[in-house]
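All of the numbers you see were taken from the coordinates with simple rules; none came from a lab. In this text the structure is predicted, and so the values were computed from the model without any measurement. Please note: Cβ atoms are built from the backbone with ideal geometry, for glycine as well, and neighbour counts cover all protein chains shown.
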Number of protein chains: 2
Amino acid sequence: MTDTLIKETVDRLMEKINSISAPGPGYTRPSYSTLETDSHRVIAEEAEALGLEVTGDAAMNLYARLPGRDRKAPALYVGSHLDTVPMGGAYDGTAGVVGAMALATAFVKSGKAPPTDLVVTVIRAEESVWFPVSYIGSRSALGRLTAAEMQAKRTDTGRTLADHMREQGGDPDAVISSSGLAPARFLELHIEQGPVLDDAGEAFGIVDGVRGGLRYRDARIEGVWAHSGGAPRVSRSDAVFALADLIVAMDKAWGTVLEEGHDLAVTFGRVDAATAEHAFAKVPGRVDFCIDIRSDDTAIMERLDRIFHDEIARIEKARGVRFVTGAQSRSQPTRLSPDLGQTITAAAVALGLKPRTMLSGGGHDAAAFAQAGWDSVMVFLRNWNGSHNPDEAMNPADLIQAVKVLHHAWSKS
Amino acid sequence: MTDTLIKETVDRLMEKINSISAPGPGYTRPSYSTLETDSHRVIAEEAEALGLEVTGDAAMNLYARLPGRDRKAPALYVGSHLDTVPMGGAYDGTAGVVGAMALATAFVKSGKAPPTDLVVTVIRAEESVWFPVSYIGSRSALGRLTAAEMQAKRTDTGRTLADHMREQGGDPDAVISSSGLAPARFLELHIEQGPVLDDAGEAFGIVDGVRGGLRYRDARIEGVWAHSGGAPRVSRSDAVFALADLIVAMDKAWGTVLEEGHDLAVTFGRVDAATAEHAFAKVPGRVDFCIDIRSDDTAIMERLDRIFHDEIARIEKARGVRFVTGAQSRSQPTRLSPDLGQTITAAAVALGLKPRTMLSGGGHDAAAFAQAGWDSVMVFLRNWNGSHNPDEAMNPADLIQAVKVLHHAWSKS
């Protein structure tokens, strides 16, 4: 009976939440948008119907509490986020929230309370493409968001985080002055967003660490505009050729670091030499770009940052261009809770499964909770067709299996 | 007295024409726009005031005729264009039209008719950034524009050349069915758009050839969208890294060809990985680009085209991406008239000057006239700060000197 309930909950909520989106392709629910708020309301209504106690905080994170047998022990918060990247997929964030609701449903319908309070948690603003700040919702919940960060501007509207938060019913001043939730435990279900589980044919895995990131989100190269037929090679200061030099150099460094056995990913996600001023018959005098360097090792991030600046100095000399890197933003690599990981692994083994322990390439709210001293863990779900795109795909049966393992993990204790 | 008249004409017309532009920076008069038409009207009114016979053709090219002593000999058409690239400079095209008017003024005011009819010629739509067709106005005048080309769409409006031409008062059907002007002689004054004359400290030069171009204006690379943290290096199909590989490979080929002593320029003027779908946290699944390959030697253009396709095949295999090059467009390298060049050089020498003979890197209407069997020549004017940009600069004194040389060349004959 529990299986059927879990499946019904997963199917119903997936459909309900993904019916809320800006026009496609894919799914778009910006951080602190009315669309994100509407998707939170779906969970609030479902949780109330299930008999959970629904509350919010000043940042509009949502908590739906199911009382445990020991009401004084630190609660187990279970959840993820409902905002998406522009034209994102159906599962990034959503699968974890839906899974948390399915877990709460399983406890309620089984008639057996969890050992501690179980709090279905829907975090705001996880996707940092909207505001250049990492983990906005979870760090707000933890009393760790700064006044300066509250002034960050949303990339599409140009309006501040404080403004958008207030518009959706939040209280930015209260967020800044809050001391945050008392340390407890956090569990996040999330699609892997990479091919490891799918390639290995495994439904889910236990995550023991989250990569950090070092980014220059608004870098540019200033060259000299010229006529593509009239400017000789030696006199050109071509911004696009300079960027190509940089990308190839960073690619080479990436290969070297991987060969040495370290963890690293390098991405130039946005390259813009496509303004009204650019034309096929002009040597480009400007190109805008961003770079995202991720690793589980801060020293590797620092090393790549040094290579980045060394290559820039070399290319500036060789090409007669000027780089303006803009502000650097960072998130730190984070270890997750081995104890919580072991609890879940043991339950899986008891059910005849052997989940692997793995690293998260992407950043997640679970890292923010861990950095605040919580016991925090993630369960990754197999997915395919990549992530952050409309074709992102997973099998709901994998989510259902993971929820059953979590139910087993906390039912037996 | 002639000097003062030439200077007055140059100063007045430069200011009048450049007062007509879309909002800056720089000057923007799109091909077959009302702004281009308004600038033609300035010349028509000035020419009529000077007593020239003003006519137009079905493509709205403008001809202002000053009768010569031998009215049966082939006329000398002198002119250039008044459309600009987006946010272009004050002199590209305009300087040549203004110079032609100054030359006609010098003949009229001197009281001595030119040896043959002198026709101030204002050509439409020379800047092929607006429509993906080369030399629209001059090839229309010559009866060489095709019905298919008439359906090309303007890049900013998406509407056809026929539509825009009709809107400005032209007759596309008449253009297509016209047999064109009878072969005569064409002379174009134009800024160099490169640093050669400026570096050498020379006011003007005689052009004996025009580079051809081979272009893919709407190429793209299709990769696979993925999460920048979750997708391992080996599983990525990153469109931006693939483009960087291509640019660096084409740059290397360019260097090799120059070392061998051939003429070549390679430009990627527009690179677009900046849509709403692109984000710093996403491996880019698509990038759009254009490539412009120019040379005075068709064999070199062909060789670069082969390298381009060979590199694409190599990168597609290495990166797991797919290139879609789109349509190729071309203009042929063209020899200009040695006789007309010699006439001008002789006049310059008589005035104590020693202009060099040089190649044009950019394409110009003079090439279209030469390809149609006309005696066609260009005079390049020293300019600096490159071209096709708002800072494009030249010294009006250089234009005045060149006009005096031309007046001398045809006064004495």
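Classify the protein assembly as shown as rounded, prolate or oblate from the Cα gyration tensor: take a ≥ b ≥ c as the square roots of its eigenvalues, call it rounded if a/c is under 1.5, otherwise prolate when a/b beats b/c and oblate if not. Prolate is the answer for the protein assembly as shown, as a/c is 1.5 or above and a/b outweighs b/c.
Our summary gives the range B:213-331 a relative contact order of 48 percent, counting only alpha carbon pairs under 8 angstrom and 6 or more residues apart. Annotation for the range B:194-228 versus the range B:238-263: alpha-carbon center distance of 13 Å. Using a simple spin-label model with pseudo-atoms 7 Å out from Cα toward Cβ, residue B:328 and residue B:110 lie 4.7 nm apart. For the peptides A:12-18, B:404-410, residues were scored by their other Cβ atoms within 10 Å and the scores averaged per peptide; the highest-first order is B:404-410, A:12-18. Global dimensions of the range A:213-331 from alpha-carbon coordinates: Rg and Dmax equal 15.2, 48 Å. Only aspartates and glutamates eight or more places from residue A:112 in sequence, or on another chain, were considered; those with a Cα closer than 20 Å are A:3, A:8, A:46, A:48, A:53, A:70.
Shape class of chain A from the Cα gyration tensor (axes a ≥ b ≥ c, square roots of the eigenvalues): prolate, since a/c reaches 1.5 or more and a/b is larger than b/c. For chain A, relative contact order (Cα pairs under 8 Å, six or more residues apart, normalised by length) works out to 22 percent. Let's test the formula: R0 of 60 Å, r as the Cβ-Cβ distance of residue B:15 and residue A:148. What FRET efficiency results, to the nearest 0.05? The computed FRET efficiency comes out at 0.75.
Pairs exceeding a 28 Å alpha-carbon distance, out of B:16/B:354; A:109/B:282; B:153/B:317; A:282/B:153; A:72/A:412; B:16/B:109: B:16/B:354; A:109/B:282; B:153/B:317.
Each residue in B:119, B:257 was given a count of other beta-carbon atoms within 10 angstrom of its own, and listing them fewest first yields B:257, B:119.
Legend: mean number of C-beta atoms from other chains within 10 angstrom of residue C-beta atoms, peptide B:230-242, equals 6.
Rounded to the nearest 10 degrees, the angle from helix A:298-319 to the longest Cα principal axis of chain A is 20 degrees.
A full extension of the chain between residue A:385 and residue A:262 corresponds to an added length of 41.7 nm, given 0.36 nm per residue minus the alpha carbon distance.
Using a cut-off of under 19 Å, list every residue of the range B:30-74 whose amide N is near the label point 7 Å from the Cα of residue B:411 along the Cα-to-beta-carbon line. Answer for this model: B:66-70. With a 10 Å cut-off around each Cβ of A:285-296, the average count of Cβ atoms from other chains is 3.
In terms of its alpha-carbon gyration tensor, the range A:1-56 comes out oblate; a/c meets the 1.5 threshold, while b/c is at least as large as a/b. Centre-to-centre separation between the Cα atoms of the range B:1-32 and those of the range A:337-411: 69 Å.
Helical runs assigned H by DSSP (4 residues or longer) give the protein assembly as shown a calculated mean residue ellipticity at 222 nm of -12000 deg cm²/dmol, each run adding -39500 (n - 2.57) before division by the residue total. Set the Förster radius R0 to 41 Å, insert the Cβ-Cβ distance between residue A:4 and residue A:182 as r into 1/(1 + (r/R0)^6), and round the FRET efficiency to 0.05. Given R0 = 41 Å and the Cβ-Cβ separation, E is 0.70.
With a simple spin-label model that places each label point 7 Å from the Cα along the Cα-to-Cβ direction, the separation between residue B:234 and residue B:38 comes to 6.3 nm. Per residue of peptide A:385-395, the mean number of Cβ atoms on other chains within 10 Å of the residue Cβ is 5. Highest mean packing first, where packing is the average number of other Cβ atoms within 10 Å per residue, the peptides B:145-156, A:237-248 line up as A:237-248, B:145-156. For residue B:376, the residues whose amide H sits under 5 Å from its own are B:186, B:337, ignoring neighbours fewer than 5 places away on the same chain, with H placed 1.01 Å from N.
Helix B:338-350 and the longest principal axis of the Cα set of chain B meet at an angle near 60°. Principal-axis analysis of the Cα atoms of chain B puts helix B:2-18 at an angle of about 40° to the longest axis.
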